[in-house]
Amino acid sequence: MDDGMRLRAVPFKVTHPERIAAKRYYDPGFFELEREHLWPHVWQMACRLEEIPSLGDWVEYRILQKSVIIVRTQSGVKAFHNACRHRGMALAQGRGNCKNGGFVCPFHGWRYNMNGENIFVFGRQIFSEANLIQAELALAACRAELWAGCVFINFDDRAPSLQEGLGPMAARLNARNVDQLKVDAWVAAELPVNWKLAMEAFMEGYHTMRTHPQLQALVPPDVRFASQTPKAPTPQRQMTSRDYIHNLVRLLAKLRVGMNGLVTQEEVAVAESLKDIELPADVGAAFAVFFERFNDEVTKRGRDRGLPVFDLNQVAATHKYIGVEFVFPNFFLLPQYSAMSAYRIRPLGPESCLFEIWSLSFAPEGEARPRPEAPDPKPWDDPGFPEVARQDFSNLPPQQRGLHAGGFQFMRLSPSIEGLISNYQRLLDGYLAGIEPARLAAASGIVNSGFDAPILDIGI
Ligand code: FES
Ligand SMILES: [Fe+2]
């Protein structure tokens, strides 16, 4: 049967790829459609494997009203829908270990082991046999797959596998040993904006000039808005290559502080140690020479310390570098040199969302590490958030307000560098319309092309 025969109508649909209707960010009906047709069908980053390092460790993942328990069992990581088979009580909240005690329902004391099997019904004799069929008393399993050091879950048994929807982005991050990264910091912010608006603040570098002026100079001189603003002055052109590199080294340190990670302490030290190496006079050539040495040193020193560092120069030669990688629908990985940051954005309501930030880096193999614990969310303007995040967050509430303003119908996107916003929004429409899952997965592989992408034909 042709898709066209059973597609649902999508309100505020993206019909012009450079225009996104404002109502998609606050209309309660649209939010309900996402709740019904998007979230139950997509692979969602549910936890990091580090959160469940030992046998029996479990952690709860919530998305809107749904809750899932992810457990490390003898036969791998499993996920269960978080509802007691008696009267539906949520069995577990937060995190814990069930190796010895299993899961005990707080309501009437039914018990489950780590494999989800029911091992105890208090007062069995008071129930009908038909309601005590052993297989039916087991916790309902939820699909779970591993990638990038994380557990992803999907409520849809018909959805294609996680890997089928990742696209070429997965190889770019696998080359950087993404699955070996460990958590240095984890923070969470509650933002009074739609989850999509929060994500879109990280989908283009176009805002760097105005929002993060302190980072603007980090962009290599030949790359910066080359096609967008051909006549823009590039002050670095007048700098000597030495000044330019010194400036970059200062900025790396600033980036580390501003992102509370992304660049490691060791990398800042490497950059410092190399800032006076011999450099060509041309700024662009100096940039290349400097970073080749830097990459070598970061690789070598990291390996000397027993870190699972990839060869930075080799990966630079064989894989495209994209500073902000997007994993549809709501996860980001931001590779820098050897380290990364990660973002996950979950809806709480039509105009509120939870924004989490992880700072990730390599740790010596086999090093004992604490089990990272989900942070309590703080208000978006908490002064404790890293500077760069605060700058991005500060734009969001006024933008959400602006979307409600009279006369504002749609966002207008640059087709060359704001394309990711259009691409993923059109894929969202594909879910809302009910397009066939295999086509959605294929489109997702195209959508996951990272920030500053152009508007792409995603095939739906
Ligand atoms: S709801 Fe769990 S034992 Fe009754
Ligand atoms: Fe930003």
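Return the residues of the stretch 266-276 that are in a helix (DSSP H, G or I) and of a type in the set (D, E, K, R); say none if nothing qualifies. Give the derivation first.
Going residue by residue through the stretch 266-276, those that are in a helix (DSSP H, G or I) are 266-274.
The answer is E266, E267, E272.
Among R62, R48, which is the only one that is within 26 Å of P370 (Cβ to Cβ), open to solvent by 40 Å² or more (accessible area, probe 1.4 Å) and either charged (D, E, K, R) or within 16 Å of ligand 2 (Cβ to nearest atom) (or both)?
Details: R48 fails: open to solvent by 40 Å² or more (accessible area, probe 1.4 Å).
Answer to the check: R62.
If we scan the stretch 327-335, do we find a residue that is open to solvent by 10 Å² or more (accessible area, probe 1.4 Å) and touching a residue at least 40 places away in the same chain (Cβ under 8 Å)?
Here is the first cut: in the stretch 327-335, the ones open to solvent by 10 Å² or more (accessible area, probe 1.4 Å) are 328, 334.
Okay, now just the ones that are also touching a residue at least 40 places away in the same chain (Cβ under 8 Å), so 328, 334.
Within the stretch 327-335 (the criterion being open to solvent by 10 Å² or more (accessible area, probe 1.4 Å) and touching a residue at least 40 places away in the same chain (Cβ under 8 Å)), the answer is yes, since at least one residue qualifies.
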**Request:** Name the single residue, out of those in the stretch 385-433 being within 22 Å of E32 (Cβ to Cβ) and of a type in the set (S, T, Y), that is farthest from ligand 1 (Cβ to nearest atom).
**Result:** Y424
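How many of the residues in the stretch 91-108 are within 14 Å of ligand 1 (Cβ to nearest atom), within 23 Å of R371 (Cα to Cα) and assigned to a loop (DSSP other than H, G, I, E, B)?
Taking the stretch 91-108 as the starting set, the residues that turn out to be within 14 Å of ligand 1 (Cβ to nearest atom) are 91-93, 102-108.
Narrowing the set further to residues that are within 23 Å of R371 (Cα to Cα) leaves 91-93, 102-104.
After this cut, where a residue has to be assigned to a loop (DSSP other than H, G, I, E, B) as well, the list is 91-93, 102.
Here the count works out to 4.
Return the only residue of V68, V14, V10 being assigned to a strand (DSSP E or B) and at pLDDT 95 or above.
On the way: V14 fails: assigned to a strand (DSSP E or B); V10 fails: assigned to a strand (DSSP E or B).
Matching residue, one of V68, V14, V10: V68.
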**Request:** Go through the stretch 367-407 and give me each residue that's within 16 Å of ligand 2 (Cβ to nearest atom) and within 20 Å of R256 (Cβ to Cβ).
**Result:** F385, P386, E387, V388, A389, R390, Q391, D392, F393
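Restricting the search to the stretch 109-123, which residues are open to solvent by 60 Å² or more (accessible area, probe 1.4 Å) and within 12 Å of ligand 1 (Cβ to nearest atom)?
Filtering the stretch 109-123 down to residues open to solvent by 60 Å² or more (accessible area, probe 1.4 Å) leaves 111, 117, 119-120, 122.
Scanning the stretch 109-123 gives R111, F120, F122.
Of everything in the stretch 79-93, what is among the basic types (K, R) and surrounded by fewer than 20 Cβ atoms within 10 Å (Cβ to Cβ)? Give them in sequence order. Explain how you work it out, then say what you get.
Step one: filter the stretch 79-93 for residues among the basic types (K, R), giving 85, 87.
Selection gives R87 alone.
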**Item:** Residues being out of contact with any helix residue (DSSP H, G or I) (no Cβ under 7 Å at 6 or more places or on another chain), surrounded by 18 or more Cβ atoms within 10 Å (Cβ to Cβ) and without any contact (Cβ under 8 Å) to a residue 60 or more places away in the chain - total across the stretch 307-324
**Value:** 1
**Message:** I need the full set of residues from the stretch 239-265 which are over 23 Å from the mean Cα position of the chain (by Cα) and part of a loop (DSSP other than H, G, I, E, B), in order please.
**Reply:** M239, T240
**Asked** Take the residues of the stretch 197-208 that are part of a helix (DSSP H, G or I) and touching a residue at least 12 places away in the same chain (Cβ under 8 Å): which is farthest from ligand 2 (Cβ to nearest atom)?
**Response** L197
**Residues within the stretch 282-306 that are open to solvent by less than 20 Å² (accessible area, probe 1.4 Å) and in a loop (DSSP other than H, G, I, E, B), tallied** = 0
**Prompt:** Of the conditions (1) in contact (Cβ under 8 Å) with a residue 40 or more places away in the chain; (2) small (G, A, S); (3) more than 24 Å from F155 (Cα to Cα), A138 fails just one. Which one is it?
**Reply:** (3)
**Selection count, the stretch 1-53, where residues are more than 25 Å from L396 (Cβ to Cβ) and aromatic (F, W, Y)** = 1
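What are the residues in the stretch 124-159 that are surrounded by fewer than 15 Cβ atoms within 10 Å (Cβ to Cβ) and in a loop (DSSP other than H, G, I, E, B), if any?
Restricting attention to the stretch 124-159, the residues satisfying the condition of being surrounded by fewer than 15 Cβ atoms within 10 Å (Cβ to Cβ) are 124-136, 140-141, 146, 156-158.
Of everything in the stretch 124-159, those that are surrounded by fewer than 15 Cβ atoms within 10 Å (Cβ to Cβ) and in a loop (DSSP other than H, G, I, E, B) turn out to be F127, S128, L132, I133, A140, D156, D157, R158.
Would you check if I52 is of a type in the set (V, I, T), within 15 Å of ligand 1 (Cβ to nearest atom) and over 23 Å from E164 (Cα atoms)? Write out each step before concluding.
On the way: of a type in the set (V, I, T): yes; within 15 Å of ligand 1 (Cβ to nearest atom): no; over 23 Å from E164 (Cα atoms): yes.
Against the criterion (of a type in the set (V, I, T), within 15 Å of ligand 1 (Cβ to nearest atom) and over 23 Å from E164 (Cα atoms)), I52 does not qualify.
Give the residue that is farthest from ligand 2 (Cβ to nearest atom), with candidates limited to residues of the stretch 95-129 that are basic (K, R) and in contact (Cβ under 8 Å) with a residue 40 or more places away in the chain.
Residues of the stretch 95-129 basic (K, R): 95, 99, 111, 124.
Remaining after also requiring in contact (Cβ under 8 Å) with a residue 40 or more places away in the chain: 95, 99.
Values: R95: 31, K99: 42 Å.
Selected residue: K99.
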**Residue check, A92 closer than 25 Å to W358 by Cβ and more than 16 Å from ligand 2 (Cβ to nearest atom)** = yes
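Of these, T234, T264, which one is at pLDDT 95 or above and either within 16 Å of ligand 1 (Cβ to nearest atom) or among the hydroxyl-bearing types (S, T, Y) (or both)?
Values: T234 fails: at pLDDT 95 or above.
Within the list T234, T264, the selection yields T264.
The values are calculated or read from the model by the stated rules, or taken from the named source; none is laboratory data. This is a predicted model, so every value here is computed, not measured. All Cβ positions, glycine included, derive from the backbone under ideal geometry; neighbour counts span all protein chains shown. Just the protein is used for accessible areas: all its heavy atoms, side chains included, with ligands, DNA and RNA removed. Shrake-Rupley method; radii C 1.70, N 1.55, O 1.52, S 1.80 Å.
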